[in-house]
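Take a look at the structure set out below.
The values are calculated or read from the model by the stated rules, or taken from the named source; none is laboratory data. Small disclaimer: the values here were computed from a predicted structure and weren't measured. Neighbour counts are summed over all protein chains in view; Cβ atoms, including those assigned to glycine, are modelled from backbone coordinates with ideal geometry. Just so you know, the surface numbers come from the protein's heavy atoms only, side chains and all, with ligands and any DNA or RNA stripped out. Shrake-Rupley method; radii C 1.70, N 1.55, O 1.52, S 1.80 Å.
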Amino acid sequence: MKILVPLPARGFDPTEAAVSWKTLRDVGHTLYFATPDGQVSKADPLMLSGEGLDPWGFIPVLNKLRVIGLLLRARKGARVAYKAMARDPRFLAPLRHADLDSGEFDALLLPGGHHKNIREDYLESEVLQRIAAEFFAADKPVAAICHGVVLLARSQSKETGKSVLYGRKTTALTWALEKSAWHLTKYFARFWDPNYYRTYTESAGQEVGYMGVEQEVTRALASPDDFKNVSAGSEHHYVKTSGIHRDTPNDFTPAFVVRDGNYVSARWPGDVHLFAKTFVRVLAEARSAKLVFTDRAA
């Protein structure tokens, strides 16, 4: 199947994009990348190297010494996947957002990232919001992780004028995860750039967290209960919510993913393997249903 992967000009999360790319490619899907200007997108460099995430990270040479940076950066498997993705001819020759036609693709994949560079040409892109709404209108498979869900929350259905997520069950980057990363860097690490982990910050009069991912997504839903998180007291609750543990190709225990029909969502890079595997199943079911429909029509 042909899967569209829009990216910002720079600042996307390498784990969420590359692990998803590898998982989908390995089972035979073709992924087409798109950027605002048709130029190669650049991942958030801090998430690749970890340099600049320690208290001394602003000091040249010394910033090569990483402690917190090694904890927060992409894991080895994700970095290897990113290097392979960065050599993909379609990644190196992306389409332009303005030239996209949703009818040419079978599915949509929306990686996230918290860097402020993803705001204007990704999360706030009217073109991408329109494209996303068209995928939902056609009931084509859509997968979004972390801040990618924000793009969907802002995408409005032509029929209802409401978010495409209105009436859907979803997850996204939770406030607990966002706040813990924000506080870690604000108070203990990247103190000279305290809001590095906050893509949007609150204006005067807004309570802390109002512009957090969970809060914005929840405001777009039919009910606050439609935003899903790991239930208190559930099995492996700490592993799934600590922000320390991440899933692997062979261990999905730390992951939390929500599926609602053809729509799959996840919280953060720690969910990415289960997220991508779940989308593989959705795509297989969609392909099977399409074949059955085609056979009956014939």
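The Cβ shell under 14 Å around residue 120 holds other residues with a net charge of 0, Lys and Arg each +1, Asp and Glu each -1.
Can you tally the net charge around residue 145? Count Lys and Arg as +1, Asp and Glu as -1, for every other residue whose Cβ sits under 9 Å from the Cβ of residue 145. Its environment carries a net charge of -2.
Against the chain, whose longest principal axis comes from its Cα atoms, helix 76-85 is set at around 50 degrees.
Centroid-to-centroid, using Cα positions, the range 128-146 and the range 12-61 are 21 Å apart. Of the accessible area of the chain, computed with a 1.4 Å probe over protein heavy atoms only, carbon and sulfur atoms account for 54 percent. Given a 1.4 Å probe and the protein chains as shown, residue 64 ends up with an accessible area of around 120 Å². Surface listing: 87, 119, 25 arranged by accessible area from highest to lowest gives 87, 25, 119, probe 1.4 Å.
The residues packed around residue 69, meaning those with a beta-carbon under 10 Å from its beta-carbon, carry a net charge of +2 if Lys and Arg are +1 and Asp and Glu are -1. Accessible surface area normalised per residue over the range 1-142 is 43 Å², counting heavy atoms of protein chains with a 1.4 Å rolling probe. Residue 201 label point, 7 Å along Cα→Cβ, cut-off 13 Å on backbone N: hits in the range 104-145? Once the point is set 7 Å along Cα→Cβ of residue 201, 116 turn out to lie under 13 Å by backbone N, inside the range 104-145. Shown here: percent of Cα pairs over 37 Å apart, derived from the displayed model; of the candidates (i) 38; (ii) 21; (iii) 10, it corresponds to (iii).
Given R₀ = 22 Å, FRET efficiency for residue 104-residue 137 by Cβ-Cβ distance, to 0.05?
Here the calculated transfer efficiency is 0.90.
The peptide list 171-177, 55-61, 91-97, put in order of mean Cβ contacts within 10 Å with the highest first, becomes 171-177, 91-97, 55-61. Among the listed pairs 2/179; 83/169; 162/277; 140/186; 76/228; 76/290, a Cα-Cα separation exceeding 32 Å is found for 2/179; 83/169; 140/186; 76/290. Between residue 92 and residue 159, the distance separating the two model label sites (each 7 Å from Cα on the Cα→Cβ line) works out to 4.3 nm. Charge dipole (Cα centre; +1 on Lys/Arg Cβ, -1 on Asp/Glu Cβ; no other charges) of the range 12-107 amounts to roughly 620 debye.
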